[in-house]
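The values are calculated or read from the model by the stated rules, or taken from the named source; none is laboratory data. In this text the structure is predicted, and so the values were computed from the model without any measurement. In this analysis, Cβ positions are derived from the backbone assuming ideal geometry, glycine residues included, and neighbour counts consider all displayed protein chains. Quick note on the areas: whole protein, heavy atoms, side chains included, nothing else; ligands and nucleic acids left out. Shrake-Rupley method; radii C 1.70, N 1.55, O 1.52, S 1.80 Å.
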2 protein chains.
Amino acid sequence: MTDPTRLLPPLAQDSTARIVLLVIDGVGDLRTADQPRTPLEVADTPNLDRLAREGSCGRLTPVAPGITPGSGPGHLALFGHDPLAPEADIGRGVLEALGAGVEVGRGDVAARGNFATADGKGDLVDRRAGRISTEECRRLCAKLRDALPDLDGVDVTVAAGEGHRFVLVLRGDELSADLADTDPQELGVPPHEPRPLPSASDDERAVRAVEIVSRLIESFESALSDEPRANRVLLRGFSKLPDLPSLADLYGLRAGAFAGYPLYRGVARVCGMEIADCGKSFQEIVEAVSSRADDFDYLFLHVKRTDMAGEDGDLDAKVAAIEEVDGILPQLTSLLDPDEDVVAITADHSTPVPMAAHSWHPSPLVVRAPRAFVDPVERYDEVSVRSGHLGDLLSKDLMAILLAHAGRLKKFRA
Amino acid sequence: MTDPTRLLPPLAQDSTARIVLLVIDGVGDLRTADQPRTPLEVADTPNLDRLAREGSCGRLTPVAPGITPGSGPGHLALFGHDPLAPEADIGRGVLEALGAGVEVGRGDVAARGNFATADGKGDLVDRRAGRISTEECRRLCAKLRDALPDLDGVDVTVAAGEGHRFVLVLRGDELSADLADTDPQELGVPPHEPRPLPSASDDERAVRAVEIVSRLIESFESALSDEPRANRVLLRGFSKLPDLPSLADLYGLRAGAFAGYPLYRGVARVCGMEIADCGKSFQEIVEAVSSRADDFDYLFLHVKRTDMAGEDGDLDAKVAAIEEVDGILPQLTSLLDPDEDVVAITADHSTPVPMAAHSWHPSPLVVRAPRAFVDPVERYDEVSVRSGHLGDLLSKDLMAILLAHAGRLKKFRA
C-alpha cells in the first residue's frame, strides 16, 4: 500500500495556491427505512451544492472498508498519514490529554487516570470509586495538585476529566513512556506498582519515569488517605506524541489548524500545524481564518457540531448544524482566489444519526480548484457524490489529490 | 500492493485470442468553466462509441491518486509493471537516449550530455554553452565522433539532441552505470571528474566505466579546445535499461510494439516487445499492424498526436487527432476476430488542454472482448466511462484484465 509520506515528498514543489480543508466532523449519514433521507439530503445547502457543481466529487474511506475510525486515525489519514502505520498510533494517554484540553508537548509523557477505591488491606474494591461526579473529580484533582512533590525538574499536570477520569502529563527531560499500566483491570488485588514495560527494563529513561511515577502515586495516595471512596489512583496508557514528520518537512507547507476543540488541535499539532486562536463555532472559526488567511498554505478547519448531533442521534440538530455551515460557507470561500486556491470539504468519518456513533461509511468529498474536473454532480450528499469524478479514495490519498490540484506535485519520473 | 508480475505468471495459460492495446496518449482531459466539454466529448467518435456500447468501460489511474506520471512509468504500468517498484525506474540517460531515437541495448550505459562553456581557468561560466542551436549541436557531435579514441572494444554513440543537449551511449562488456554526474550544477567551478557512485566505489565495472568516460572526456575536450563557447561536456544520469522480465517470459506472449516515436519503442523494448517497423501516423501504424497481425499475441499501438495537442493546449487539434483515430479505427478492428480477440483503448496518462501538460486525472478505458460485460455505457468519454463495469483500476491491473478476457489466466487456487 502506498505510503503518501514516502511517495509524495520527493515530488513536492512550491506554489502560491492555498489549500483549505474543511472537515465537517461526522457529516456522512445513512438512508434507512426509518430515516429515508440523510441529514445532507434533508438540509438546504445551496452553497455546498454550488461547490459540488463547480468542482469534483467523490468519497473517502477513512481507514479501510468496514473500519470505523476514532478521531485520531480519521484525521491523521486526512492529513496524509497511513492510519494503519504503527508510527501513526496516538497513545491513549496522549489522546485523553488532548481531548481534555491539556497541552502535550513533544517528549511529554501522558497517562489516563482513574480514581478508585481500595479496602483496608489495600485491595481494590471499585476501579471507578463509585463513579464519582465530574465535580467531585475536579475537587480531587485540585487536592492532587496541592500534594505534588518536588520531582527534580519534572513538571506535572493533573486535569480532571469526566466522572472518575483524570489525565496526568509529565514534562521533563529524558523520560520514557514505556511504562506498564498500574491498573490491574481486576478487583481483590492492589494496584500494580509502576514498572517499565518488559522491552524497556534496561532503559534508563524508563527507570527514571518509574521512579517519578512512584513518588507521585505515593504523594497522591497520602493526600487521598482521608477520602471515603477515592483513595487510590490507577494509571493506564502511558504515551508520548507520535513522532511524525511535519507538513512543513514533508511538503514545505505552512500549515495552520482552526479547530475549537482540543482533540483536533492535538492531532493537528502532531502533524506539525500551527494552532490558530479560534472559538468553537464555525462563524468564529471563519473569522479566525479571515485574519490569518495569508499566514498559511494549508488551512485545516474543523466543525464539531455535526458529529455531536450524530452522536446524540438527533436528526434535526444535525440538519441545523449542516445548514449553519452552509450559511457561513460563502464567508470562507470569499477569502480564496478561485483562479488558484483549492478548497476541499469532507469528514474524518461518518456519524450516522440512526447509529448515534462513529461508523465506517464513506464520507462525501468535494474539491473545487481550477484544475478540478467539473463533473456532473449537482449536490453535496452521500448519494450524489457517488458518481463524481474523484471516485472512491482512501482518506490518506486526499493529500496527494490536494497537492496535485494546488500545483504542488512534480511529475513522477520521466 | 499486488505486483502483477508475481501474481499473474503462475496463472498464465495459452490461448489463440490476441490482445490489442491501443494507447491514445494523453487522451483524457478536463471539463472546466472555460472548457465545458472535453475533447472526447466534443469529437465525433462513432467508432470509439460503438466499442463502448459493445464492451466494458472504466478508468485507469496510472500510478496513484494525484500522481502525474512521466511517459515511462505511465506505459510500464499499462504493460503490467508496478510503476512504483524501484526496478521499474528507467534512468534519465536511457530515457533521453530512447527519446532521441538512439538504440539502447541491455548492458549499454547511457548518459545525458550538455555542451558547456569554461573560462581560461577551466571554471564553468555557462552550463548550456549560450544555448547553442540544434544545428550547432549536430556539428559539435560530429566533431566528437571524429575524435573518438580507441576504447578497448567499447562502442560509443554520440547523438545530438535539442539545443545544447546530446546523448552518449557506451556499449561494451562489463560496464556499470553507477557513475556520479560530472555536471556540478553550479558555475565558477570546473566539471567534476568522472567517479563511481559512493555505493559502487569498490566495483571493478564502475572503475572501468570511469576510466572509459575519463578518456572520452579528455578526447572530447581536446577536440573542442578551439570552440569559443562549447569547450566542455557535462554528463548526467548514467543509467542502463532496467532489467525487467519480458512479456514472453512472464505470460508466454509474443508481443509487438507499433509506435512511431522512439521513447515508446524504448519502453516497449524494456518489456521485451519486438519493435515493428511503422510510421508515425495512426494510418501508417494500422497498416503496419495489418501486415504483422498474425505474428503477435499482444500488440501495443501508440498514438502520439493527442498528447502533442494536449501539450500545446490546442483543443481543436486534440479533437482532430481523436477524430483521426476514430476514422481509422474500423481498419484496425477489421483485422480482429470479434469472437475471440480482445481490444482495449486507453492512455498512459491524461494531457488536459487547459493544463497543457501531463496530469494525474484518470484515463478512460474500454475493453471489447467476447467475455466482456456489455455495460450501459454508450460513449467513450471521461464522464460516460465513469459508470462502466470495469470501474476504477490502477493501470498496472490492466494486464490481468486483458489476459483474463483473452482466456489467458487460469483459476487462482481451487
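Summary of computed values
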{"quantity": "Output for the stretch A:265-278, where each listed residue is open to solvent by less than 10 Å² (accessible area, probe 1.4 Å) and not in a loop (DSSP other than H, G, I, E, B)", "calculated": "A:Gly266, A:Val267, A:Ala268, A:Val270"}
{"quantity": "Matching residues in the stretch A:1-60 - criterion: being open to solvent by 10 Å² or more (accessible area, probe 1.4 Å), over 26 Å from the mean Cα position of the chain (by Cα) and of a type in the set (Gly, Ala, Ser)", "calculated": "A:Ser15, A:Ala33"}
{"quantity": "Which listed residue, of B:Val383, B:Val353, B:Val377, is under 28 Å from A:Arg371 (Cβ atoms), out of contact with any strand residue (DSSP E or B) (no Cβ under 7 Å at 6 or more places or on another chain), of a type outside the set (Gly, Ala, Ser) and open to solvent by less than 20 Å² (accessible area, probe 1.4 Å)", "calculated": "B:Val353"}
{"quantity": "Exclusive hit being more than 23 Å from A:Arg305 (Cα to Cα), in contact with a helix residue (DSSP H, G or I) (Cβ under 6 Å, 6 or more places away or on another chain) and basic (Lys, Arg), set A:Arg112, A:Arg18", "calculated": "A:Arg112"}
{"quantity": "Residue match in the stretch A:248-264 (condition: at pLDDT below 95 and open to solvent by 50 Å² or more (accessible area, probe 1.4 Å))", "calculated": "yes"}
{"quantity": "Residue among A:Glu221, A:Glu193, A:Glu186 that alone is part of a loop (DSSP other than H, G, I, E, B), farther than 19 Å from A:Val94 by Cβ and touching a strand residue (DSSP E or B) at 6+ places or on another chain (Cβ under 8 Å)", "calculated": "A:Glu186"}
{"quantity": "Helices (runs of 4 or more DSSP H) enclosed by the stretch A:44-145 - at least 3 residues per element that are at pLDDT 95 or above", "calculated": "A:46-54, A:71-78"}
{"quantity": "Test: residue in the stretch B:33-48 that is closer than 30 Å to B:Gln331 by Cβ, within 14 Å of chain A (Cβ to nearest Cβ) and among the charged types (D, E, K, R)", "calculated": "yes"}
{"quantity": "Residue within the stretch B:151-174 that is hydroxyl-bearing (Ser, Thr, Tyr) and at pLDDT below 95 present", "calculated": "no"}
{"quantity": "Residue that is nearest to the other protein chains (Cβ to nearest Cβ), among those in the stretch A:387-402 that are over 23 Å from B:Leu40 (Cβ atoms) and small (Gly, Ala, Ser)", "calculated": "A:Ala400"}
{"quantity": "So A:Val366, is it in contact with a Cys (Cβ under 7 Å, 6 or more places away or on another chain) and more than 13 Å from chain B (Cβ to nearest Cβ)", "calculated": "yes"}
{"quantity": "Of all residues in the stretch B:220-241 being open to solvent by 50 Å² or more (accessible area, probe 1.4 Å) and among the small types (Gly, Ala, Ser), the one that is farthest from B:Gly266 (Cα to Cα)", "calculated": "B:Ser225"}
{"quantity": "Hits in the stretch B:334-354 (condition: within 14 Å of chain A (Cβ to nearest Cβ) and of a type in the set (A, V, I, L, M, F, W, C))", "calculated": "B:Val353"}
{"quantity": "Complete set of residues in the stretch B:53-108 that are within 14 Å of another protein chain (Cβ to nearest Cβ) and of a type in the set (S, T, N, Q)", "calculated": "B:Thr61, B:Thr68, B:Ser71"}
{"quantity": "Residue list for the stretch B:91-106, filter: open to solvent by 10 Å² or more (accessible area, probe 1.4 Å) and in contact with a Gly (Cβ under 8 Å, 6 or more places away or on another chain)", "calculated": "B:Gly91, B:Arg92, B:Leu95, B:Glu96, B:Gly99, B:Ala100"}
{"quantity": "Flag for A:Glu174 being open to solvent by 10 Å² or more (accessible area, probe 1.4 Å), outside any strand (DSSP E or B) and free of Cβ contacts under 8 Å to residues at least 60 places away in the same chain", "calculated": "yes"}
{"quantity": "Failed item in (1) in contact (Cβ under 8 Å) with a residue 24 or more places away in the chain; (2) touching a Gly at 6+ places or on another chain (Cβ under 6 Å); (3) within 10 Å of chain B (Cβ to nearest Cβ); (4) not polar (S, T, N, Q), with A:His405 passing the rest", "calculated": "(2)"}
{"quantity": "Pick from the stretch A:230-243, criterion assigned to a loop (DSSP other than H, G, I, E, B) and either touching a Phe, Trp or Tyr at 6+ places or on another chain (Cβ under 7 Å) or at pLDDT 95 or above (or both), ranking: farthest from A:Pro194 (Cα to Cα)", "calculated": "A:Ala230"}
{"quantity": "Hits in the stretch A:303-317 (condition: under 23 Å from the mean Cα position of the chain (by Cα) and outside any loop (DSSP other than H, G, I, E, B))", "calculated": "A:Val303, A:Arg305, A:Thr306, A:Asp307, A:Met308, A:Ala309, A:Gly310, A:Glu311, A:Ala317"}
{"quantity": "Pairs with Cβ under 8 Å, 6+ apart, first in the stretch B:372-386 and within 13 Å of chain A (Cβ to nearest Cβ), second aromatic (Phe, Trp, Tyr)", "calculated": "B:Glu382/A:Phe373"}
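Yes or no, residue by residue, for (1) in contact with a Ser or Thr (Cβ under 7 Å, 6 or more places away or on another chain); (2) not hydrophobic (A, V, I, L, M, F, W, C):
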residue	(1), (2)
B:Asp155	no, yes
B:Gly161	no, yes
B:Leu179	no, no
B:Gln185	no, yes
B:Pro191	yes, yes
B:Asp202	no, yes
B:Glu211	no, yes
B:Gly237	no, yes
B:Pro245	yes, yes
